[in-house]
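Worksheet: one structure, shown below.
We did not get these values from a lab; they are worked out from the coordinates using the rules stated. Because the structure is predicted, anything quoted here is derived from the model rather than measured. Note that we place each Cβ from the backbone using ideal geometry, even for glycine, and neighbour counts take in every protein chain shown.
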Amino acid sequence: MFKGSTEELKIEINRLRTNKNAVVLAHNYQIPEIQDIADYVGDSLGLSRQAAKTDADIIVFCGVHFMAETASIISPEKKVLIPDLDAGCSLADSITGDQLKAWKAQYPEAVVVSYINTTAEVKAQSDYCCTSSNAVGIVNSIPEEKQILFLPDKFLGAYTEMVTGRELTIWQGACHVHEKIGELNLAEKQREYPDAEILIHPECGCSTSCMMKSAMYFDCKDAHVYSTSGMLERAQESDAGEFVVATEIGILHRMQKENPGKEFFAASEDSVCDYMKMITLENLRDALDYEQFEVKVPADLAEKALLPIERMLQIS
Ligand code: SF4
């Protein structure tokens, strides 16, 4: 492993990236140092679009495994690398290809909508992919008479059900990070920062009940449900000077950077995805130098998994 100061590491990363015609894509939940050195920082949908249009020879994906897999499906001719192969996702792990096969057998006429946080095996058996920013639009695009199997996130499913008014058949999966964000936490934060706007990610387990309460009891005022990219836009557009943000805390770095005059507070300091934090400047440098660890989806599987992703990209 390369030994050097942070500044030397950054110089090395920039040198290798240029020499190898590589692009570094980073998710909003990455550590600040990775976000600052990346060519592009975004949510799952934004990163998928970047992977599709880049003319780089190598994509280094600073995120979790299913994201690198998605990049490989979209750009099979590119070499896709992830700096740490153990960077997984509890939500993607909540349903396997075999489990989906068995679930589909119970509902042979149903349309399958899979959140992008799924493995290639699951995508390959799906009709549509979606992200938190376009789940509502995707569901609305499906004829009303069709039954929809929505997976794997039960919270995003419940939120989508509420907004669209459609009855969905929802897989009971969850992300361990978002599951930890509770109502109590938000109520406490609201008392602590009474003038703050509350920005909630739809995967966060409190969103449905919080929205219900804000409509019925007005005890969760100024709460807004957004995708991660929607949160970033709202932070810029809003006149509020303070925000309580209910999602993984990595996004606070970008919010603060883009809005220096405003203040951002985590709804829960425990909202940390350990998988996302496995990517470091050291292993990013090694990934570029040794071209490791390659994520490659077999061609036949990639071909099937590409269809629901393309349908999603067309609709959103
Ligand atoms: S925050 Fe949750 S959904 Fe996102 S990568 Fe981590 S475990 Fe997966």
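Quick notes on this one:
- Two-site FRET efficiency, Asp86 against Tyr107, from Cβ-Cβ distance with R₀ of 25 Å, rounded to 0.05: 0.15
- Cα gyration tensor shape of the range 1-159, rounded if a/c is under 1.5, else prolate or oblate by comparing a/b with b/c: prolate
- Rounded, prolate or oblate (a/c below 1.5 giving rounded, otherwise prolate when a/b exceeds b/c) for the chain by Cα gyration tensor: oblate
- DSSP-defined beta bridges in the chain - what % are antiparallel, rounded to 5: 5
- Note on Glu242 and Lys296: the extension gain reaches 15.2 nm, defined as 0.36 nm multiplied by sequence separation minus the Cα-Cα distance.
- Förster radius 30 Å - calculated FRET efficiency between Asn259 and Ile11 (Cβ-Cβ, nearest 0.05): 0.55
- Once exposed loop GluC sites (Glu not before Pro) are cut out (DSSP; at most 15 other Cβ, 10 Å), longest piece of the chain: 168-268
- Placing R0 at 25 angstrom, the Cβ-Cβ distance between Asp55 and Lys3 gives a FRET efficiency of 0.15 after rounding to 0.05.
- The length gained by stretching the chain between His176 and Glu144 to full extension, at 0.36 nm per residue less their Cα-Cα distance, is 8.3 nm.
- P(r) tail fraction, the range 220-273 - alpha-carbon pairs more than 13 Å apart, %: 56
- Excluding exposed DSSP-loop chymotrypsin sites (Phe, Trp or Tyr not before Pro) (at most 15 other C-beta within 10 Å), longest clean stretch of the chain: 3-216
- Span-rule helices in the chain, defined as complete DSSP H runs reaching 27 Å or more along the axis (Cα) with Kyte mean at least -1.0: none
- Per the Debye formula on identical point scatterers at the alpha carbon atoms of the range 92-174, with no solvent, log10 I(q)/I(0) at q = 0.20 Å⁻¹ is -0.81.
- Contact order, relative form, for the chain: 24 percent (alpha carbon pairs under 8 Å, 6 or more residues apart, mean separation divided by residue count).
- Spin-label model distance (nm) - Ala187 vs Thr169, 7 Å beyond Cα toward Cβ: 3.6
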